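For reference, the structure is listed below as structure tokens.
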Amino acid sequence: MPKKVTYLYFDDLEEAANAVKDNLESKSLAIMIQRELPWKDMISYLLDHESSFDGLILDWRLDGEDDSNADFSSEALAQQCRRLQVDKINGRGFTKSFPIILCSAQPGFKTIHERDTTSEDLFDGAFEKSDLEDQEVFLLSLINAYKVLSEPKKSMQDIIGLSEEEQIKIDNSLTRKISEINEKQPHEMVQFLLKEVLNKKGALVDITNLAARLGVSVKSEGWEELKKEMDAFKYKGILLNDERWWANLINEFWTNNFEGTTLKFLTAKERIGFLEKKYINLKGKLDEPKLSNGAESKEFWTVCFASGNPIAEIDGFIVDKHLHYSWQEREYICLDEAMNETSRGEIWDSLLPYEEERLKSYFEDTSD
Amino acid sequence: MAKLEYRAADVFNNISRLIDHLKGLNKSKTNIQIEGLDELHTQLNKKGVKQDFWKLSTKLIFKNINKNDLNIPEEILQNVSEIILEMKVSLTEKGYECGNICDSIDQNERNQYGVQLITYGKTSKDIANYKMSWHLDKHIRSVDENEGRGKGFVHPEYHFNMGGFALTKENNFNFGSVLLIDTPRIMHPPLDIVLSIDFVLRNFYGIRVKNLTYSSQYKQIISKSKNRLWRPYYISLANHWENPRFNNLSIQKDYSEKIFGDA
């Protein structure tokens, strides 16, 4: 059994901290609660007790209570810790890198924090306290990631879990970027993988996108079994919290196994036809997803960013979101969502300017 | 082995330059949007591509086709919000030497050649669907190279066909009064990704893209692809009648007859 890991958690409100602790602690995870101290004492405490914790959780406002001792912000403390992880100040420093999590009881804190981009890069995660309680898997994966990334000779395979042979099958700029960051501090790799790879569609796809691409409804009787057949293409690297699959590996598997066809070019029916031929036990157990309103193409490839319904790119409207890297793919919303704007302002804000223009033509023609 | 005149690297470079131009089009005021270019670009950047044998497949979506340019019956036009074209190309090519005139597109069970253009008349209701499809195929031969599908019909090696499986495979397609039959198969020189894009731009956008299509940089890109795929195609045909003029070239013997659909 793996060693139990410990997060040291600073909060000026012990009651709230205890609630988080009660919900988070498990066989593998311990939470050690501490009240905040004045700056100098705080730093000494952390340095003195380095061996007793694996990660740090900070309340966003350590000065929130009347009896608070904090004369500093959590951002400043995190900054100081990052610095001490690489460098000695006044003769003292940490001997290891460790994750730092920010949390707050204030509702809507995440949006406030996201807006304040200056401190964005300091933390490995920012959560409202009620959400933090569900993050056991994430917190454990962070500790493991820091462990892997702190090894002097970690390879690409150690990080993203792909053999050298598989690495050449994915976007070259992704592997190049990872090699670049590999020279830097663990938290930079963690930030990069979480923000640009694991939580963005493209190089990796989540379960809804996987199902759309295989042309199969997740409600199909045979879906779980089919999903298992795709295990070889799963992401097996660090920071894994939720299932992800390598899009390019699936594409290549498809072409190699199904008469040289291109997965993206086939209708759901054709995809299912091939799958049922290869996996005989799935015969009759795979259903195509339903077309969403106004959609025409059954060459499903993505899912509506708002409703999660599978759609072909040709039937969607592109959400205006900046893509940072070549392996990232656009997010689409379906016609119904675009016209009714059910979750505009929540899940998506705007479409690309030309997509907003396209959308207008749908209103013109239905006004009769 | 003699030096290959046409290698994956040259072809990929040409496509990549065209992608840059098309992205420029996306940003310009032409109101033409082409999706799928990044994905295509990623394919070109893959490591370990064999220089003498490469495979590419792409699906591009061309938006904002001007519906008033087209001859669409008024009653249909009322329903149609916009017209979008989907272009799918998959091809496997071999590198070849310049003096060796041959068909460089590979086709077998694993590597199917095909260009498909499907236009969608999109509506905000799901009652009607409007579609048209054209596709350029390479004749599929059985193992003995003599008997293919659609036995008895003429099958030029590369042929354009209207309608076909893209329309008929969905059972609920409404054909109206159109009698869609499988023939004719019209002789057409092969298209690669570059030439397919050119085909779409110049057939569906016309004057709106003239700044690009009239530019010398664009013409240069197109002519490289023509040189690679059309030069052998037309030399083989010319050689069919004017054999002695091409004595300095080695010409694939049956290519011209295959092009005619006689072999």
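The values are calculated or read from the model by the stated rules, or taken from the named source; none is laboratory data. Just so you know, these numbers come straight off a predicted model, no measurement behind them. Because the Cβ atoms are built from the backbone with ideal geometry, glycine has one as well, and the counts that use them run over all protein chains shown.
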Handout entry: Evaluation of B:Asn66 against (1) surrounded by fewer than 15 Cβ atoms within 10 Å (Cβ to Cβ); (2) in contact (Cβ under 8 Å) with a residue 40 or more places away in the chain (one fails), failing number
Key = (1)
Handout entry: Candidates B:Arg110, B:Arg17 - the one that is more than 22 Å from A:Leu174 (Cα to Cα) and surrounded by fewer than 19 Cβ atoms within 10 Å (Cβ to Cβ)
Key = B:Arg110
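Do the conditions hold for B:Ile61, that is, is it crowded, with 16+ Cβ neighbours inside 10 Å, without any contact (Cβ under 8 Å) to a residue 40 or more places away in the chain, at the interface with chain A (Cβ under 9 Å from one of its Cβ atoms) and of a type in the set (A, V, I, L, M, F, W, C)?
Values: crowded, with 16+ Cβ neighbours inside 10 Å: yes; without any contact (Cβ under 8 Å) to a residue 40 or more places away in the chain: yes; at the interface with chain A (Cβ under 9 Å from one of its Cβ atoms): yes; of a type in the set (A, V, I, L, M, F, W, C): yes.
Yes; evaluated as a whole, the condition is true for this residue.
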Problem - Unmet criterion (only one of (1) more than 17 Å from A:Leu142 (Cβ to Cβ); (2) part of a loop (DSSP other than H, G, I, E, B)) for A:Lys3 - result: (1)
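Tell me, yes or no, whether region A:261-275 has at least one residue that is modelled with pLDDT of 90 or more, part of a loop (DSSP other than H, G, I, E, B) and more than 8 Å from every other protein chain (Cβ to nearest Cβ).
yes
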Exercise for the section: Kindly check whether there is at least one residue in region B:192-207 that is more than 14 Å from chain A (Cβ to nearest Cβ), out of contact with any strand residue (DSSP E or B) (no Cβ under 8 Å at 6 or more places or on another chain), under 30 Å from B:Asn129 (Cβ atoms) and basic (Lys, Arg). Expected result: yes
Practice task
Out of A:Ser326, A:Ser292, A:Ser307, report the one residue that is modelled with pLDDT under 95, within 25 Å of B:Ile32 (Cβ to Cβ), surrounded by 14 or more Cβ atoms within 10 Å (Cβ to Cβ) and among the hydroxyl-bearing types (Ser, Thr, Tyr).
Solution key: A:Ser326
Handout entry: Yes/no for B:Ser216 being surrounded by fewer than 13 Cβ atoms within 10 Å (Cβ to Cβ), at pLDDT 85 or above and away from chain A (no Cβ under 14 Å)
Key = yes
Completion exercise
Counting only residues that are at the interface with another protein chain (Cβ under 9 Å from one of its Cβ atoms) and in contact with a Gly (Cβ under 9 Å, 6 or more places away or on another chain), region B:73-83 contains a total of 4
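Condition first: in a helix (DSSP H, G or I) and not aliphatic (A, V, I, L, M). Now tell me which residues in region A:193-210 satisfy that. So that I can check it myself, show each step before the final result.
So in region A:193-210, the residues in a helix (DSSP H, G or I) come out as A:193-198, A:207-210.
Those that are in a helix (DSSP H, G or I) and not aliphatic (A, V, I, L, M): A:Lys195, A:Glu196, A:Thr208, A:Asn209.
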Fill in the blank from the handout: Flagged pairs (Cβ under 6 angstrom, 6 or more apart or on separate chains; first in region A:291-311, under 15 Å from A:Arg271 (Cβ atoms) and more than 13 Å from chain B (Cβ to nearest Cβ); second aromatic (Phe, Trp, Tyr) and part of a loop (DSSP other than H, G, I, E, B)) are A:Pro310/A:Phe300
Exercise for the section: Name, by its number, the condition in (1) in contact with a helix residue (DSSP H, G or I) (Cβ under 9 Å, 6 or more places away or on another chain); (2) modelled with pLDDT of 95 or more; (3) surrounded by fewer than 21 Cβ atoms within 10 Å (Cβ to Cβ); (4) not in a loop (DSSP other than H, G, I, E, B) that does not hold for A:Arg213. Expected result: (3)
Handout entry: Members of region A:238-260 that are surrounded by fewer than 16 Cβ atoms within 10 Å (Cβ to Cβ) and within 11 Å of another protein chain (Cβ to nearest Cβ)
Key = A:Asn256, A:Asn257, A:Glu259
Practice task
Would you check if there is a residue in region B:84-97 being more than 8 Å from chain A (Cβ to nearest Cβ), in a loop (DSSP other than H, G, I, E, B) and farther than 26 Å from A:Glu259 by Cα?
Solution key: yes
Fill in the blank from the handout: Of (1) hydrophobic (A, V, I, L, M, F, W, C); (2) under 28 Å from A:Ile160 (Cα atoms); (3) in contact with a Pro (Cβ under 8 Å, 6 or more places away or on another chain), A:Ile57 fails just (3)
Fill in the blank from the handout: Taking first residues from region A:170-184 that are within 13 Å of chain B (Cβ to nearest Cβ) and second residues anywhere that are buried (at least 19 other Cβ atoms within 10 Å of the Cβ) and small (Gly, Ala, Ser), the pairs with Cβ under 7 Å that are 6 or more apart or on different chains are A:Ile170/A:Ala203; A:Asp171/A:Ala203; A:Leu174/A:Ala203
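Could you tell me whether region A:136-153 includes any residue that is part of a loop (DSSP other than H, G, I, E, B), touching a residue at least 24 places away in the same chain (Cβ under 8 Å) and of a type outside the set (Phe, Trp, Tyr)? Write out each step before concluding.
Just the residues of region A:136-153 that are part of a loop (DSSP other than H, G, I, E, B), to begin with: A:151-153.
Going one step further and asking which of them are touching a residue at least 24 places away in the same chain (Cβ under 8 Å), we end up with none.
No: region A:136-153 contains no residue that is part of a loop (DSSP other than H, G, I, E, B), touching a residue at least 24 places away in the same chain (Cβ under 8 Å) and of a type outside the set (Phe, Trp, Tyr).
In region A:286-318, what count of residues is obtained for those that are assigned to a loop (DSSP other than H, G, I, E, B) and either among the acidic types (Asp, Glu) or farther than 11 Å from B:Ile61 by Cβ (or both)? Show your work before the answer.
Of the residues in region A:286-318, the ones assigned to a loop (DSSP other than H, G, I, E, B) are A:286-301, A:305-309, A:312, A:316.
Next, only the ones that are either among the acidic types (Asp, Glu) or farther than 11 Å from B:Ile61 by Cβ (or both) stay: A:286-296, A:298-300, A:305-309.
Final tally of qualifying residues: 19.
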Practice task
Collect the residues in region A:322-368 that are acidic (Asp, Glu), within 12 Å of chain B (Cβ to nearest Cβ) and either in a strand (DSSP E or B) or in contact (Cβ under 8 Å) with a residue 24 or more places away in the chain (or both), keeping them in residue-number order.
Solution key: A:Glu329, A:Asp336, A:Glu355
Practice task
Just give me the residues in region B:159-199 being free of Cβ contacts under 8 Å to residues at least 60 places away in the same chain, buried (at least 18 other Cβ atoms within 10 Å of the Cβ) and of a type in the set (Val, Ile, Thr), in sequence order.
Solution key: none
Exercise for the section: Being basic (Lys, Arg) and touching a strand residue (DSSP E or B) at 6+ places or on another chain (Cβ under 9 Å) is the filter here, so list the residues in region A:138-180 that pass it. Expected result: A:Lys169
